[in-house]
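*Asks:* Before I ask anything, here is the structure I am working with.
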Number of protein chains: 2
Amino acid sequence: MNAFLERLGFAPEDRVVIFHADDLGMCHAMNEAFMDIVRQGFLRTGAVMVPCPWFPELAAFAREQAGALDIGVHLTLTSEWQTYRWGPISTRDPGSGLLDADGYFWRETEAVHAHMNAEAAAAELRAQIERALAAGIDVTHIDTHMGSVLHPDLALVYISLAQEYRIPAMIPRLSLDELTGMGVSREMAQTFVTMLNVLEESGTLPVVDHLRSLEEPTPDARLEKYAAVLRALPPGLTHLLFHAARPGEEIRAIAPDWPMRVADYSVFAGEGVRRLVEETGVKVLPYRALREVMRA
Amino acid sequence: MNAFLERLGFAPEDRVVIFHADDLGMCHAMNEAFMDIVRQGFLRTGAVMVPCPWFPELAAFAREQAGALDIGVHLTLTSEWQTYRWGPISTRDPGSGLLDADGYFWRETEAVHAHMNAEAAAAELRAQIERALAAGIDVTHIDTHMGSVLHPDLALVYISLAQEYRIPAMIPRLSLDELTGMGVSREMAQTFVTMLNVLEESGTLPVVDHLRSLEEPTPDARLEKYAAVLRALPPGLTHLLFHAARPGEEIRAIAPDWPMRVADYSVFAGEGVRRLVEETGVKVLPYRALREVMRA
C-alpha cells in the first residue's frame with residue numbers, strides 16, 4: 001500500500017482523497033470561490049498560480065487564515081486564455097524561451113516544451129515557490145498547471161524542488177507501460193519508477209496512487225458525476241482536482257469553460273461534497289499531513 | 001491661441017475638449033465600460049495600460065474597430081492596488097529599480113522616482129508603445145498613469161518618444177510659476193517652456209491648454225459636476241479625463257474608489273455627456289486629429 005498512508009495510520013482498504021482546488025489566484029472569481037469553500041469549513045486545499053495578477057488577494061487570505069489552509073504552488077509556465085494574460089515573474093528575456101510573440105507565457109504546454117531554455121524554466125519554477133513563501137504562504141505542496149513540468153528536462157527539477165523545500169510534489173504513480181506510452185524510453189521509465197519507489201519508501205516524497213478530475217465540458221449533473229467517481233474509487237491516495245469559480249462577468253470573459261467552473265463551485269462550496277464524503281466513506285486528507293511525514 | 005487648434009481651423013473662442021477614458025486594459029470592468037461608451041457612438045478616445053492583464057482584450061477590440069477608435073498608451077510605471085497587481089513588461093531585473101519588494105511595479109509615483117534606474121524606466125516606456133503597436137493598435141497618443149513621467153529624468157524621454165513615433169503626448173501648458181511651484185529651477189522651467197513653445201509653433205508637438213478631472217471621491221451628482229466643469233471651461237484645448245467602470249464584483253475587489261468609476265460610467269456611457277456637449281457648445285476632438293497635424 002501507499003507508504004505515506006501507512007505511516008499516517010491508514011488501513012490498506014482506505015480510500016483517501018485530497019480534494020484539490022486548482023487555479024487559485026488566476027482571477028478574482030476563483031479566489032472568491034475558494035474563500036467560500038474554506039468558509040464552509042470542510043475543505044481547505046488548493047494551489048495558487050503565483051504569476052497571475054490576483055495572487056496578492058489569495059496570499060492575503062492565506063496570511064489571514066494562518067496555518068488553517070493547505071496551499072500549494074500551482075507551478076505555471078502557460079497563460080492559456082485569449083482576453084486576459086500573464087507571464088513569468090523571473091525574466092522578460094526572450095532568450096529564456098518562456099515568452100510567446102505577445103510577451104506572455106505560451107498558451108500551450110507543447111509550445112513551452114518546444115521553446116524553453118530549461119535553466120530559465122527551472123529558475124522560474126523556483127522563483128514562484130520563493131515568492132509564495134515571501135508572501136507569507138505556508139506552502140504545503142507543489143503541482144503543475146497544464147502539466148508543463150512533464151518533460152524530461154523539468155521532471156527532475158520538479159522532484160528536486162520538492163525535496164529541497166521538503167514539500168510534497170503531486171506525482172501520480174505511473175506504471176512502466178503508462179510511462180513508455182507517453183514516449184519515455186523503457187530504460188528511463190524503469191529508472192524513474194525505481195527512483196520514485198525509493199523516495200516513497202524512505203519517506204522522502206509521497207506518490208499519489210490515483211489522479212481524478214472531471215474534464216467534460218458540460219456542467220450538467222456535476223454532483224452526480226463526482227458521486228460516481230467517489231463510489232468507484234479504489235483504495236489508496238487520490239488527488240481529485242476541480243476548478244471552482246463564482247459566477248460573474250469576469251470568469252465569463254476569461255474562460256470559455258466557465259460553466260464547468262461555476263458547476264464545480266456549486267458542488268464544492270455547498271453541502272454536496274460533504275454529503276458525498278459521508279455516503280461513500282472516503283477519507284479527506286490535506287497535503288499538510290503528507291508534508292509532516294516528509295519533515296518527521 | 002493654441003497653435004494646433006488654429007491649424008485645425010478652430011476659432012480663438014472655441015472650447016475644444018478631448019474626453020479621455022483612462023485606465024483601459026486595467027481590468028475587465030473598465031474595458032467593458034469603454035466598449036459601451038464607444039458603442040454609444042459619441043466618444044472614442046482613451047488610453048490603455050499595456051502591462052495590465054486585460055490589455056489583450058482591449059487590443060482585440062481596437063483591432064475589431066480598426067481606425068474608428070482613438071487609443072493612446074497610458075504609460076505605466078505603477079501598480080497601485082492591493083489585491084490585484086502587475087509589473088514591467090521589459091524586465092524583471094531588481095537592478096532596474098522598477099520593482100517593489102513583492103516583484104510588481106511600485107504602488108506610488110514617489111517610490112518609482114526614488115528607486116528607478118532612468119534608463120530602465122525609459123526602456124519600459126518604449127516597450128509599452130512597441131507592444132501596443134505590435135498588438136495592432138493604431139496608437140494615437142501617449143499619456144502618463146499617475147504622473148510617473150513627471151520627473152526630470154523622464155520628461156524629456158516622454159517628449160522624445162512622442163516626437164519619434166509622431167504621436168501627441170498629453171502635456172499640459174504649465175506657466176513658469178506653476179513649474180517652479182513644482183520644484184523645477186527657474187532656469188530649467190524657462191528652458192522647458194521655451195522648448196514646448198517651439199515644438200508647438202512648429203507643429204511638432206501639441207500642448208493641452210487645460211487639464212480637467214473630477215477627483216472627489218463621492219460619486220454623487222457626477223453629471224451635474226461635469227456640467228459645471230464644462231460650463232466654466234475657458235477657450236482652448238482641454239484634456240478631460242475620467243475613469244469609467246461597469247459595476248460588478250471585479251472592480252469592487254480592485255479599486256476602493258469604484259463608486260466614482262461606476263458614476264463615471266453612468267455619465268459617459270449614457271446620453272448625459274452628449275446632452276452636456278449640446279448644452280454647453282463645447283467641441284469634441286479626438287487625439288487622432290492632433291496626430292494628423294503632427295504628421296502633415
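Any read-out appearing in this document is the output of simple, stated calculations on the displayed coordinates, not a laboratory observation. This is a predicted model, so every value here is computed, not measured. Here the Cβ is made from the backbone with ideal geometry for all residues, glycine too, and neighbour counts use every protein chain on show.
*Asks:* Provide the FRET efficiency to the nearest 0.05 for the A:Asp153-A:Gln82 pair, computing r from the beta carbons and using R0 = 41 Å.
*Replies:* 0.90
*Asks:* What does the average come to when, for each residue of peptide A:237-246, you count the partner chain Cβ atoms lying within 10 Å of its Cβ?
*Replies:* Mean shielding by partner chains, rounded to a whole number: 0.
*Asks:* Place a point 7 Å from the Cα of B:Gln40 along the Cα-to-Cβ direction; which residues of region B:59-81 have their backbone N under 20 Å from it?
*Replies:* From region B:59-81, the list is B:61-62, B:65, B:68-72.
*Asks:* Where Lys and Arg each count +1 and Asp and Glu each count -1, what net charge lies around A:Asp257 among other residues with Cβ under 13 Å from its Cβ?
*Replies:* Result for the neighbourhood of A:Asp257: -3.
*Asks:* Same structure again: Quick one: Kirkwood hydrodynamic radius for region A:84-232, alpha-carbon pairs, angstrom, one decimal? All intermediate terms of the calculation are to be shown ahead of the outcome.
*Replies:* Numbers: mean 1/r = 0.0572 Å⁻¹.
Result for region A:84-232, one decimal place: 17.5 Å.
*Asks:* Going highest first, how would you order B:27-33, B:269-275 by mean Cβ packing within 10 Å?
*Replies:* Sorting B:27-33, B:269-275 by mean packing, highest first, produces B:27-33, B:269-275.
*Asks:* Report Rg(Cα)/(2.2 N^0.38 Å) for chain A, keeping two decimals.
*Replies:* 0.96
*Asks:* Roughly how crowded by other chains is peptide B:78-90, in terms of the mean Cβ count from those chains within 10 Å of each of its Cβ atoms? Can you show the working numbers first?
*Replies:* Numbers: counts 0, 2, 0, 3, 3, 11, 9, 6, 2, 5, 1, 5, 3.
Counting other chains' Cβ atoms within 10 Å and averaging over B:78-90 gives 4.
*Asks:* Now for a separate question. Can you give the relative contact order of region A:1-123 as a percent, counting alpha carbon pairs under 8 Å and 6+ residues apart?
*Replies:* Relative contact order for region A:1-123 comes out at 18 percent.
*Asks:* Across region A:240-247, in residue order, what do the Karplus-derived ³J(HN,Hα) couplings come to in whole Hz, using 6.51 cos²θ - 1.76 cosθ + 1.60 with θ = phi - 60° and x for Gly and Pro?
*Replies:* Computed from phi, the couplings for region A:240-247 are 10, 9, 9, 10, 9, 9, 5, x Hz.
*Asks:* What does the average come to when, for each residue of peptide A:47-53, you count the partner chain Cβ atoms lying within 10 Å of its Cβ?
*Replies:* Average neighbour count from other chains, rounded to a whole number: 3.
*Asks:* Report, to two decimal places, the Cα Rg of the protein assembly as shown normalised by 2.2 N^0.38 Å (N = number of residues). Write out the running numbers ahead of the final one.
*Replies:* Numbers: Rg = 27.4 Å, N = 592, 2.2 N^0.38 = 24.9 Å.
The value comes to 1.10.
*Asks:* What's the magnitude of the charge dipole for chain B around its Cα centre, counting Lys and Arg as +1 and Asp and Glu as -1 at the beta-carbon? Answer in Debye, nearest 20. Walk me through the numbers before you get to the answer.
*Replies:* Numbers: 26 positive and 41 negative charges, 131 e Å.
For this selection, approximately 620 debye.
*Asks:* Which whole-Hz ³J(HN,Hα) couplings does region B:193-207 yield from phi under the Karplus relation 6.51 cos²θ - 1.76 cosθ + 1.60, θ = phi - 60°, glycine and proline marked x?
*Replies:* 5, 4, 4, 4, 4, 4, 4, 5, 4, 7, x, 7, 8, x, 10
*Asks:* Could you compute the net charge surrounding B:His20? Neighbours are other residues with a C-beta less than 12 Å from the C-beta of B:His20; K and R count +1, D and E count -1.
*Replies:* Neighbour charge sum, excluding B:His20 itself: -3.
*Asks:* Another one. What list of ³J(HN,Hα) values in whole Hz, one per residue of region A:162-176 in order, does the Karplus curve 6.51 cos²θ - 1.76 cosθ + 1.60 (θ = phi - 60°) give from phi, with Gly and Pro shown as x?
*Replies:* 4, 5, 4, 8, 6, 10, x, 10, 5, 10, x, 6, 9, 7, 3
*Asks:* Using only alpha carbon pairs under 8 Å that are at least six residues apart, calculate the relative contact order of chain A and give it in whole percent. Kindly include the intermediate steps, with their values, before the conclusion.
*Replies:* Working: 527 pairs, mean separation 81.7, N = 296.
It rounds to 28 percent for chain A.
*Asks:* Compute the signed sum of charges (Lys and Arg +1, Asp and Glu -1) over the other residues within less than 14 Å, Cβ to Cβ, of B:Ala66. Before the final figure, lay out the partial values.
*Replies:* On the way: positive: B:Arg44, B:Arg63, B:Arg288; negative: B:Glu64, B:Asp70, B:Asp138.
Result for the local shell: 0.
*Asks:* Hand me the trypsin sites (Lys or Arg not before Pro) from region B:67-175 located in a DSSP loop with no more than 16 other Cβ atoms within 10 Å, in residue order please.
*Replies:* Here the sparse-neighbourhood loop sites are B:Arg166.
*Asks:* So what is the 222 nm mean residue ellipticity for chain A from helices alone, if each DSSP H run of at least 4 adds -39500 (n - 2.57) and you divide by all residues, rounding to the nearest 500 deg cm²/dmol?
*Replies:* -13500 deg cm²/dmol
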